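Down below is the structure, laid out as structure tokens.
Read the figures in this text as sums done on the coordinates, not as results from a lab. Just so you know, these numbers come straight off a predicted model, no measurement behind them. Note that we place each Cβ from the backbone using ideal geometry, even for glycine, and neighbour counts take in every protein chain shown.
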Amino acid sequence: MSKNGSISASVIKRLPRYYRFLGELKKNGVERISSRELSEKMKLTASQIRQDLNCFGGFGQQGYGYHVESLHSEIGKILGVERHFRTILIGAGNLGKAIALHINFETRGCKLMGIFDAKPSLTGEQVGGIAIRHTDELEDFCRENSPVVAVLCIPKANTQAIAEKLVSLGIKAFWNFSHYDLSIDYEDIVVENVHLGDSLLTLTYGANIITSGEEEDQT
């Protein structure tokens with residue numbers, strides 16, 4: 001997909017943002033946009049946008065800019081949104097249920113096929129049209145359906161063991177919401193650790209900075 005076969009993590013992190021902004025432009029009927037105009041909307045430099053997109057080939061035309069629908073589609077292909085990777089979710093607590101109900105997996109390259117939890121009391125409960133299965137069924141389900149992605153909404157203490165089991169069952173990618181920084185000794189496994197608490201602390205850092213003067217005024 002890339003010219004040099006090696007894309008920096010920072011560029012990859014920006015791709016979903018490009019995809020989202022271009023999707024909004026497409027929805028609003030915008031047919032083309034220059035790197036300068038896109039930079040103003042995304043608060044990036046035009047040079048940064050061109051460099052990022054050039055990692056995957058030249059999408060723009062000099063004097064024309066970028067065709068919004070075409071670029072949105074190409075970035076979608078790079079991100080794999082058309083693949084609809086078979087996905088399972090482990091942990092049907094409040095967070096797991098919220099993710100199953102409110103994340104549109106199919107527009108983001110995944111198809112949620114199964115939800116699992118270790119609590120027998122949850123077995124059979126429907127979440128978004130999918131019946132929760134007991135984790136005892138996980139092995140048979142994976143062998144029959146060959147899921148590729150696993151969403152982990154489980155306690156920290158259980159994460160490593162469950163992840164290793166899932167790898168042995170063919171899982172290739174983890175969206176990990178546990179408080180465990182999942183590191184698996186397999187070169188071909190993709191892990192995206194999501195720390196909601198860290199995100200909130202980043203927010204409070206910013207709030208602390210911009211309100212520090214107000215506190216000084218009140219003393």
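Brief remarks follow.
- Kirkwood Rh, angstrom, the range 85-198 [1 / mean 1/r, Cα pairs]: 14.0 Å
- Sites residue 157 and residue 183, calculated FRET efficiency, Cβ-Cβ separation with R0 25 Å, nearest 0.05: 0.95
- Computed on the Cα atoms alone, the convex hull of the chain gives a volume of 186 cubic angstrom per residue.
- Unit charges on C-beta of K, R, D, E only; dipole of the range 9-78, Debye: 240 debye
- Fraction of beta bridges assigned by DSSP in the chain that are antiparallel (%, nearest 5): 20 percent
- A Förster radius of 25 Å combined with the Cβ-Cβ distance from residue 199 to residue 24 puts the calculated FRET efficiency at roughly 0.70.
- Cβ-derived FRET efficiency at R0 45 Å, residue 40 paired with residue 111, nearest 0.05: 0.80
- Per-residue ellipticity at 222 nm computed for the chain from its helices equals -14500 deg cm²/dmol, with DSSP H segments shorter than 4 residues left out and the rest contributing -39,500 (n - 2.57).
- Overall Cα dimensions of the range 149-219, principal axis frame, Å, largest first: 60, 22, 17
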